[in-house]
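Written out below as structure tokens is the structure these notes cover.
The values are calculated or read from the model by the stated rules, or taken from the named source; none is laboratory data. Computed from a predicted structure; not experimentally measured. Glycine also receives a Cβ, built like all others from the backbone with ideal geometry; neighbour counts cover every protein chain displayed. To get the accessible areas, we keep the full protein, side chains included, count just its heavy atoms, and leave off ligands, DNA and RNA. Shrake-Rupley method; radii C 1.70, N 1.55, O 1.52, S 1.80 Å.
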Amino acid sequence: MKFKMTFLIILMFLMGSCNSSKKKNEVFTQTFEPTWESLINNDIPEWLLDAKFGIYAHWGVYAVPAYFTEHYGKRMHKIGDHVYEHHLENWGDPSEFSYKEFIPMFKAEKYDPAEWVEIIKQSGAKYAGLATVHHDGFCIWDSEFTKWNSMDMGPKRDLFGEFAAELKKNEMPVIATFHHIRTFNWYLPWIGNYWQPVDSVEREKYLDKDWDIFNPEYGDLYWNDEVGRTREDFLVEWKNKVTEVLDNYEPDIIWFDGGAFRDETADNPVQEILAYYYNKQVEWQKPVVVLNKFPGSMEFNFPYELGILSFEEGRDRNANETRPWIDDMKIAHQGWGYNTDQIYKKAPEIVRGLIDRVSRGGGLLLNLSPKADGTIPEAQKEALRGVGKWLEVNGEAIFETRPWKIHAEGLEEKLRTPKPHPKWNFTDNIDARDIRFTVKDNNLYVMALSWPEDMHLHIKSIHSNDEIVDRIKNVQLLGSTKKVEWSVEEDGTHVVLPEVLNDVAVALKFTLSK
């Protein structure tokens, strides 16, 4: 039965011929049980399959030290780590200046959610949100379940709530991301990733340290075994916090960072929270969906059949993934949260990656890195405006499209970083031979990831032996009113581009008969 359901979902997605969400005038009545067998049957909202491009942000206490990584709170306690050395030099020993001391410095005094939404709209993104809480456990909403939140401390504002309200005012769907199932034992320096064993020898180095992370008084922030806290109690609070965000802000999409979601302690509460969220569709009368991440553990958070698959910067993603998916990508080359040494991706790289992902049936969730004061660095804004400028002209080749029978021309290998965990890279070796395809209605869109120097584009997949050739009525360069010269030969279609319109990518529209 599960195989049959999976096959039907794949078929509907690839063909793009069946509504996979309720229409606006239909009523949501389906309910779900807290079991994987039930949860995999939630429909994927068609609006999200159409949207292709969303934006969110990593923003929290870690933006105050603004050094190297949003994992600052963990690595400042790791003897020998350069983050630890940086902390000693700039702030003192963790016994003198602990991570919690950064919280009053996280003021968000220049935060203007209306400005953020306007910037995001300029990018062409169709939905947006925030990382509501990272591994450090500090919540950026008004929470009743922990005092460590942005309403009671630091900014003294409901940061996520204000942003969600502004998005809804602009009729943009809201995504809420949760990263805190990793909080338990996260601060302990002798524990690496959640799927790795405890290093008991390394632990001995820290037993005499007078650090807050070992102080039971602050155990409700630094949740770990050393302060007498249990993972069972932690999961109760984890579930309460997620439920609180769902009830108060009604997000259209939720996403969880990688974590131990299916071990013996988490399996039941996780299924309960997902069922709770899916059942909210009846109350809210709108579709919702969960993004299902494939983390470094090489196991999806949830069963493969559940929700929309999510890959961090395309890490370990196949070129021809058959289920709906989204890549989660940071705008900086180093770090998800803001740091002072960041170098940001520019619009051409982001657009080319978006084109490639959409042609393969996926989408892009782009992460921003705001400063502690609530401002978005100008270089990030510039990149977003550049993306929006291209999409304003060529967006019809992206939004509401579906994959064609052929996804791509050009060598895929050159777009992958080295193993063992290859990611997708769109900065180097891009040329006009890298061609991508999408379809919508009676239109086939052909996009080259770079402009050919001789203005001649050779599309090998559309050749004289292809049945589509007899259906081609017109070829247009999006954004241009000039005539496009083209011919179909045995070796493919040859197009002479009439003008160069941008420094990013070519988008051609092949109008087809029915």
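How many residues does region 489-505 contain that are surrounded by fewer than 12 Cβ atoms within 10 Å (Cβ to Cβ) and in a strand (DSSP E or B)?
1
Among the residues of region 202-224, write down those that are open to solvent by 10 Å² or more (accessible area, probe 1.4 Å) and aromatic (Phe, Trp, Tyr).
Phe214, Tyr218, Trp223
Residues of region 213-234 being β-branched (Val, Ile, Thr) and outside any loop (DSSP other than H, G, I, E, B), which ones?
Within region 213-234, Ile213, Val227 qualify.
Quick one: Gly124 ticks every box in (1) under 18 Å from Ile175 (Cα atoms); (2) of a type outside the set (Lys, Arg); (3) surrounded by fewer than 20 Cβ atoms within 10 Å (Cβ to Cβ); (4) touching a Phe, Trp or Tyr at 6+ places or on another chain (Cβ under 8 Å) bar one, so which box is it?
(3)
Given the conditions (1) open to solvent by 20 Å² or more (accessible area, probe 1.4 Å); (2) of a type outside the set (Ser, Thr, Tyr); (3) without any contact (Cβ under 8 Å) to a residue 60 or more places away in the chain; (4) in a loop (DSSP other than H, G, I, E, B), which single one is not true for Gly92?
(1)
Scanning region 319-346 for residues that are assigned to a loop (DSSP other than H, G, I, E, B) and hydroxyl-bearing (Ser, Thr, Tyr), which turns out modelled with the lowest pLDDT?
So the residue we want is Thr322.
Of all residues being of a type in the set (Gly, Ala, Ser) and touching an Asp or Glu at 6+ places or on another chain (Cβ under 8 Å) in region 318-346, which is surrounded by the most Cβ atoms within 10 Å (Cβ to Cβ)? Just the residue, please.
Pass one, region 318-346, residues of a type in the set (Gly, Ala, Ser): 319, 332, 335, 337.
Remaining after also requiring touching an Asp or Glu at 6+ places or on another chain (Cβ under 8 Å): 319, 335, 337.
On the way: Ala319: 14, Gly335: 21, Gly337: 31.
Checking each candidate, the answer is Gly337.
Taking the conditions exactly as written (farther than 25 Å from Tyr194 by Cα, of a type in the set (D, E, K, R) and open to solvent by 10 Å² or more (accessible area, probe 1.4 Å)), does Glu299 satisfy them or not?
For Glu299, the condition - farther than 25 Å from Tyr194 by Cα, of a type in the set (D, E, K, R) and open to solvent by 10 Å² or more (accessible area, probe 1.4 Å) - is not met.
Go through (1) open to solvent by 50 Å² or more (accessible area, probe 1.4 Å); (2) over 24 Å from the mean Cα position of the chain (by Cα); (3) closer than 30 Å to Met298 by Cβ; (4) at pLDDT 95 or above one by one and return the number of the condition Lys239 breaks.
Looking at each condition in turn, Lys239 falls short on (2).
Per-residue answers, yes or no, for (1) without any contact (Cβ under 8 Å) to a residue 40 or more places away in the chain; (2) polar (S, T, N, Q):
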{"site": "Ser464", "(1), (2)": "yes, yes"}
{"site": "Lys473", "(1), (2)": "no, no"}
{"site": "Gly479", "(1), (2)": "no, no"}
{"site": "Lys483", "(1), (2)": "yes, no"}
{"site": "Glu489", "(1), (2)": "yes, no"}
{"site": "Val504", "(1), (2)": "no, no"}
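For the structure I just gave you, tell me whether Ile331 is in contact with a Leu (Cβ under 7 Å, 6 or more places away or on another chain) and over 18 Å from Phe426 (Cα atoms).
no
Go through region 293-306 residue by residue and tally those that are out of contact with any Lys or Arg (no Cβ under 9 Å at 6 or more places or on another chain) and under 13 Å from Ile44 (Cβ atoms).
Qualifying residue count for the region: 1.
Filter region 54-73 down to residues that are outside any loop (DSSP other than H, G, I, E, B) and aromatic (Phe, Trp, Tyr) and give me whichever is farthest from Ser98 (Cα to Cα).
Here the residue is Tyr56.
Mind listing whichever residues of region 193-208 are in a helix (DSSP H, G or I), hydroxyl-bearing (Ser, Thr, Tyr) and out of contact with any His (no Cβ under 9 Å at 6 or more places or on another chain)?
Ser200 - this is the single residue of region 193-208 that is in a helix (DSSP H, G or I), hydroxyl-bearing (Ser, Thr, Tyr) and out of contact with any His (no Cβ under 9 Å at 6 or more places or on another chain).
What's the number of the only condition in (1) open to solvent by 40 Å² or more (accessible area, probe 1.4 Å); (2) in a loop (DSSP other than H, G, I, E, B) that Pro251 fails to meet?
(1)
Enumerate the strands (runs of 3 or more DSSP E) found wholly within region 390-488, keeping only those where 1 or more residues are open to solvent by 30 Å² or more (accessible area, probe 1.4 Å).
Output list reads 402-409, 435-440, 456-459, 472-477.
So for region 347-357 (the condition being touching a helix residue (DSSP H, G or I) at 6+ places or on another chain (Cβ under 8 Å) and not in a helix (DSSP H, G or I)), does at least one residue qualify?
There is no residue in region 347-357 that is touching a helix residue (DSSP H, G or I) at 6+ places or on another chain (Cβ under 8 Å) and not in a helix (DSSP H, G or I).
Report yes if Tyr127 is on the phi < 0 side of the Ramachandran plot and over 17 Å from the mean Cα position of the chain (by Cα), otherwise no.
Criteria not met by Tyr127.
Among the residues of region 171-182, is any of a type in the set (Lys, Arg), in contact (Cβ under 8 Å) with a residue 40 or more places away in the chain and over 27 Å from Asp263 (Cβ atoms)?
Checked region 171-182: no residue is of a type in the set (Lys, Arg), in contact (Cβ under 8 Å) with a residue 40 or more places away in the chain and over 27 Å from Asp263 (Cβ atoms).
Select from region 27-53 the residues that are part of a loop (DSSP other than H, G, I, E, B) and open to solvent by less than 40 Å² (accessible area, probe 1.4 Å) and list them in ascending order.
Across region 27-53, the qualifying residues are Phe28, Phe32, Ile40, Asn42, Ile44, Pro45, Lys52.
Would you mention how many residues in region 263-276 are farther than 14 Å from Leu39 by Cα and crowded, with 16+ Cβ neighbours inside 10 Å?
So the count comes out to 1.
So which residues in region 182-194 are within 29 Å of Ala164 (Cβ to Cβ) and open to solvent by 10 Å² or more (accessible area, probe 1.4 Å)?
Passing the criteria: Arg182, Phe184, Trp186, Tyr194.
Using the structure shown, decide if Gly337 is within 15 Å of Ile119 (Cα to Cα), out of contact with any strand residue (DSSP E or B) (no Cβ under 8 Å at 6 or more places or on another chain) and touching a residue at least 12 places away in the same chain (Cβ under 8 Å). Before you say what the answer is, go through the steps one by one.
Details: within 15 Å of Ile119 (Cα to Cα): no; out of contact with any strand residue (DSSP E or B) (no Cβ under 8 Å at 6 or more places or on another chain): yes; touching a residue at least 12 places away in the same chain (Cβ under 8 Å): yes.
No; evaluated as a whole, the condition is false for this residue.
May I ask you to verify whether Tyr56 is farther than 17 Å from Trp148 by Cα and surrounded by 17 or more Cβ atoms within 10 Å (Cβ to Cβ)?
On the way: farther than 17 Å from Trp148 by Cα: yes; surrounded by 17 or more Cβ atoms within 10 Å (Cβ to Cβ): yes.
Yes: the conditions hold for Tyr56.
Looking only at region 427-462, count how many residues are over 28 Å from the mean Cα position of the chain (by Cα) and in contact (Cβ under 8 Å) with a residue 60 or more places away in the chain.
2
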